[in-house]
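Let me begin by presenting the structure, written as structure tokens, before commenting on it.
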Amino acid sequence: MSRETYTAHSIINGQPYCGTGTLEVLCPADNSVVALVTEADTQATELAIQSAEKCFNVLKSSTAKSRADILYRWYQLIMDNQTHLAELVTLEQGKPIKEALAEVVYAAGYVKWFAQEAERAYGAVIPAHTLNHQLTTVQQGVGVVVGITPWNFPLAMITRKVAPAYAAGCSFILKPSELTPLSAIELAKLALEAGFEDGALQVLLTSKPHALVAQLNSHRAVRKLTFTGSTSVGKLLLEQTAKSAMRTSLELGGNAPFVVFDSADLEEAIEGLMIAKFRNAGQTCIAANRIFLHSKIKSQFISMLKERVSNLTIGSTQDADIGPLITICAKQKALGLVAGALNQGAKLVYQGEELEGNFMSPVILEGIKPDMTIFGSEIFAPVVSVIEFETEAQVIDMANSVEVGLAAYIYATDIAQIHRVSMGLDFGMIGINEGAISNPAAPFGGMKQSGLGREGGAQGLSEYLEVKYLCQRTIVN
Ligand code: SIN
């Protein structure tokens, strides 16, 4: 990939839209400018809504089969362009190339899954209350959808929303993160090449999302908002969409417990933790955030972990295990949490060398207690925070004591215990002896303040469908 700076534009009605003002896209590995992006203004937003509304009317009279075929072509184009897409993700998001390639496949997986699901948006026949009635339901696309996506998975968080929306027959206006707009633009170009109608997927780029999102959320033509990001922003968006009773799906923050019982296979638990903690440098909503270790295995586990963590390579080389954090602020925030925990009485078990720029060495802390700030914070960095426990009831209580409930992990070999604990944890997704739980075929989402709705799986399509009930009476003369 050439490192020459280029200029990218929003996509409105199938065409590049040269906006006003420019935003710089930085490479997290060295904070150099990799691209300039022109910003969508009020007029651009209005044009995008009009085009999406027109396109929704076209999609309404398309068949699920034709949309499935187009989605399948999009899937193939993403796979054909996987190297280019992965390089772009590494450039603007920072994750090592092997993780970026895995993200491309993961992102494409959602498109393939919803290409298949498109044709399964079944209705129902309801046993009628008289012989003259036929009661049926059909499902139809909800309408124009607005999607706001984050920087941590610049491809997969888009396909997880756009593919089911298109499968359902909805048009989509995407506002990707201002930190990673380039991947979004490339994905949209491939969608248009695959046959998406003009207006079926439009991308609005801006570094001032508040006004733009407020304009979208207050427009009568917009019928659904889908957002992935922080719990605090999600709640503000929900206040906006409440005004028009707009369908809203929220994929918000997590604070995942990773519980290792004394019956666990410790080698397996370490493997699982390496994925659940260090994928994307810890910058995932499902990252293992609080590591609960049974007192009997704590010391052994920590020394095994220290050995593994000290062998991780951090950098921007091809074979690096951990890339830079997204911004210098993100690193400062994580280091602040570590310092705060140490001030509050935590013990430092491991900290790699101090690194330049956005790169951060892993840290292992033990002696974390529920009243420490770090316990209730989503760390979003390569920091392992260890809490010791004695009993099943105590660990379930501590794990559930936070306001969010996205993912949790349990390592144990006692089947009855696995059953009890997985039923007791208030989390939407549970990895049982598994640290890599994300899968296009499975419902992704959380309980409590981790959000509303599910993405992926069969549930992911329903989020974009309205159920219409038809009550038909036969007039007997
Ligand atoms: C996220 O961090 O929000 C997404 C992680 C995933 O899909 O695996």
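Numbers for the structure displayed
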item: Scope region 265-278; condition away from the ligand (no atom under 16 Å from the Cβ) and hydrophobic (A, V, I, L, M, F, W, C); matching residues; result: Leu266, Ala269, Ile270
item: Hits in region 108-121 - residues which are out of contact with any Lys or Arg (no Cβ under 8 Å at 6 or more places or on another chain) and either over 25 Å from Ala194 (Cα atoms) or aliphatic (A, V, I, L, M) (or both); result: Ala108, Val111, Ala115, Ala121
item: Any strands (runs of 3 or more DSSP E) falling wholly within region 14-85 and containing at least 2 residues that are among the basic types (Lys, Arg); result: none
item: Verdict on Glu251 being at pLDDT 95 or above, in contact with a strand residue (DSSP E or B) (Cβ under 7 Å, 6 or more places away or on another chain) and within 16 Å of the ligand (Cβ to nearest atom); result: yes
item: Test: residue in region 404-414 that is touching a helix residue (DSSP H, G or I) at 6+ places or on another chain (Cβ under 7 Å), under 17 Å from Val260 (Cβ atoms) and open to solvent by 20 Å² or more (accessible area, probe 1.4 Å); result: no
item: Which numbered condition Pro257 misses (of (1) away from the ligand (no atom under 13 Å from the Cβ); (2) over 17 Å from Ile374 (Cβ atoms); (3) in contact (Cβ under 8 Å) with a residue 60 or more places away in the chain; (4) open to solvent by less than 40 Å² (accessible area, probe 1.4 Å)); result: (2)
item: Single condition Ser2 does not satisfy, out of (1) over 20 Å from Gly199 (Cβ atoms); (2) at pLDDT 95 or above; result: (2)
item: Some residue of region 362-370 being without any contact (Cβ under 8 Å) to a residue 24 or more places away in the chain, out of contact with any Ser or Thr (no Cβ under 7 Å at 6 or more places or on another chain) and not in a helix (DSSP H, G or I); result: yes
item: Residue tally, condition open to solvent by 10 Å² or more (accessible area, probe 1.4 Å) and more than 10 Å from the ligand (Cβ to nearest atom), over region 279-297; result: 4
item: Positions within region 406-424 being part of a loop (DSSP other than H, G, I, E, B) and aliphatic (A, V, I, L, M), in sequence order; result: Leu406, Ala412
item: Neighbours by Cβ (under 6 Å, 6+ apart or cross-chain): first from region 283-296, over 17 Å from Asn439 (Cβ atoms); second assigned to a loop (DSSP other than H, G, I, E, B) and within 16 Å of the ligand (Cβ to nearest atom); result: Gln283/Asn152; Gln283/Phe380; Asn289/Asn255; Asn289/Ile379
item: Filtered residues of region 122-175 (kept if open to solvent by 40 Å² or more (accessible area, probe 1.4 Å) and within 16 Å of the ligand (Cβ to nearest atom)); result: Trp151
item: Test: residue in region 305-319 that is open to solvent by less than 40 Å² (accessible area, probe 1.4 Å), within 13 Å of the ligand (Cβ to nearest atom) and in contact (Cβ under 8 Å) with a residue 40 or more places away in the chain; result: no
item: Residues being free of Cβ contacts under 8 Å to residues at least 24 places away in the same chain and either buried (at least 23 other Cβ atoms within 10 Å of the Cβ) or in contact with a Pro (Cβ under 7 Å, 6 or more places away or on another chain) (or both) - total across region 87-119; result: 1
item: Residue match in region 216-230 (condition: polar (S, T, N, Q) and more than 20 Å from the chain's Cα centre (by Cα)); result: yes
item: Hits in region 8-41 (condition: of a type in the set (Asp, Glu) and out of contact with any Lys or Arg (no Cβ under 8 Å at 6 or more places or on another chain)); result: Glu24, Asp30, Asp41
item: Inter-residue pairs, beta-carbon under 8 Å, first within 13 Å of the ligand (Cβ to nearest atom) and at pLDDT 95 or above and in region 430-451, second of a type in the set (Gly, Ala, Ser) and open to solvent by 40 Å² or more (accessible area, probe 1.4 Å), 6+ apart; result: Pro443/Ala458
item: Every residue from region 260-270 that is surrounded by fewer than 23 Cβ atoms within 10 Å (Cβ to Cβ), of a type outside the set (D, E, K, R) and not in a loop (DSSP other than H, G, I, E, B); result: Leu266, Ile270
item: Some residue of region 145-158 being closer than 15 Å to Gly229 by Cα, of a type in the set (Ser, Thr, Tyr) and assigned to a loop (DSSP other than H, G, I, E, B); result: yes
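Results for (1) in contact with a Gly (Cβ under 9 Å, 6 or more places away or on another chain); (2) part of a strand (DSSP E or B), shown as yes or no for each residue.
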residue	(1), (2)
Lys95	yes, no
Ala108	no, no
Ala128	no, no
Val138	yes, yes
Ala165	yes, no
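The values are calculated or read from the model by the stated rules, or taken from the named source; none is laboratory data. Because the structure is a prediction, the values reported are computed rather than measured. Cβ coordinates were reconstructed from backbone atoms using ideal geometry, including for glycine residues, and neighbour counts include every protein chain displayed. The protein model used for the area step is the full one, side chains on, heavy atoms only, and it has no ligands, DNA or RNA in it. Shrake-Rupley method; radii C 1.70, N 1.55, O 1.52, S 1.80 Å.
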